[in-house]
Amino acid sequence: MAELEIESHEFLRWIPAPWAEHGQSPEEWFRANTHRFLFNGEHVLASAVRYETGDGPNCGGIYFLIQQNEIVYVGISCDISARLVQHWRAGRAFDHYWCIGGLPEGFAHLVETFYIHVLQPVGNDKHPPIDLLIRPFIVEALRSR
C-alpha cells in the first residue's frame with residue numbers, strides 16, 4: 001500500500017482497515033498513527049485555505065471553519081464541499097477552512113472529538129463524550145498548552 005498523504009485537503013478520503021495488513025488491532029493502529037492526524041491549533045491555522053463559495057473536497061473527513069484567524073467550528077462530513085456550502089448559506093461566519101482525512105471512517109468521530117475538546121471552538125455548542133481511546137491524547141494536548 002502506498003504511503004498516505006493526509007495533511008493536504010486535496011487527498012482526503014476514508015481508508016478501509018489499514019491495520020489488517022500490519023497485523024494490528026484497530027486500536028493498536030489508531031494509537032500508532034495519531035501523529036498523522038492530531039495537530040495543534042497553530043498547525044491548523046497555518047495550513048488553512050481561504051474559502052470561496054463551492055470550495056472544499058467532495059469527500060469525507062474532519063473540517064475546520066476559521067474566522068479571522070480563530071478556529072470557530074470543527075465538524076465531520078462525508079462530503080466536505082457540500083457541508084461548507086451549507087454552513088455558508090446558513091450564515092455561519094468563516095473566511096478560511098482546513099480539512100484532514102486519510103483515516104478510517106470509524107475513527108473519524110474520535111478525531112473530531114479530540115479537536116472539539118482541545119480547541120474549544122465557539123461554534124461547537126455540543127461536546128461529544130470522550131471515548132477511552134482518545135482520552136489520553138486529549139489530556140496530553142490540554143496539559144501541554
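A short reminder: the numbers here are calculations on the coordinates, not readings from a lab. What you see is a predicted model, and the numbers here were worked out from it, not measured in a lab. Note that we place each Cβ from the backbone using ideal geometry, even for glycine, and neighbour counts take in every protein chain shown.
Say we join alpha carbon atoms closer than 10 Å with springs in a Gaussian network model of the chain; which of Leu119, Leu103, Leu133 then has the biggest fluctuation?
Residue with maximal mean-square fluctuation among Leu119, Leu103, Leu133: Leu133.
Based on the alpha-carbon set only, what is the convex hull volume of region 9-143 divided per residue, in Å³?
102
How would you rank Arg145, Arg36, Arg83, going from fewest to most other Cβ atoms within 10 Å of each one's own Cβ?
Arranged by neighbour count, lowest to highest, Arg145, Arg36, Arg83 become Arg145, Arg36, Arg83.
Take every DSSP beta bridge whose two residues both sit in the chain, then give the antiparallel share in percent to the nearest 5.
Taking every DSSP beta bridge within the chain, about 100 percent pair in antiparallel fashion.
Name the most mobile residue of Ile80, Ile100, Ile130, meaning the one with the largest mean-square fluctuation, in a Gaussian network model of the chain with Cα contacts below 10 Å.
The residue with the greatest mean-square fluctuation here is Ile130.
Residue by residue through region 30-44, which ³J(HN,Hα) values in whole Hz follow from phi under the Karplus form 6.51 cos²θ - 1.76 cosθ + 1.60 (θ = phi - 60°), with glycine and proline marked x?
Couplings: 4, 4, 6, 10, 4, 4, 8, 8, 10, 10, 8, x, 5, 5, 4 Hz.
Could you put Ser144, Ser77, Ser47, Ser25 in order, starting from the residue whose Cβ has the fewest other Cβ atoms within 10 Å?
Least to most surrounded, the residues fall as Ser144, Ser25, Ser47, Ser77.
Select from Glu70, Glu105, Glu27 the residue whose mean-square fluctuation is largest in a Gaussian network model of the chain (Cα-Cα springs shorter than 10 Å).
So, out of Glu70, Glu105, Glu27, the one fluctuating most is Glu27.
Kindly write out, for region 83-88 in residue order, the coupling ³J(HN,Hα) from the Karplus curve 6.51 cos²θ - 1.76 cosθ + 1.60 (θ = phi - 60°), rounded to whole Hz, with x marking Gly and Pro.
In residue order, the calculated couplings are 5, 4, 4, 4, 4, 4 Hz.
Of Ile71, Ala20, Gly101, whose Cα points farthest to the positive end of the dipole of region 9-143 (charges on the beta-carbon: +1 Lys, Arg; -1 Asp, Glu; origin at the Cα centre)?
Result: Ile71, furthest along the dipole toward the positive end.
Given labels modelled 7 Å from the Cα in the Cβ direction, how far is it in nm from Ser144 to Asn58?
3.7
Based only on other Cβ atoms within 10 Å, what is the fewest-to-most ordering of Phe114, Phe137?
Final ranking by Cβ density, sparse to dense: Phe137, Phe114.
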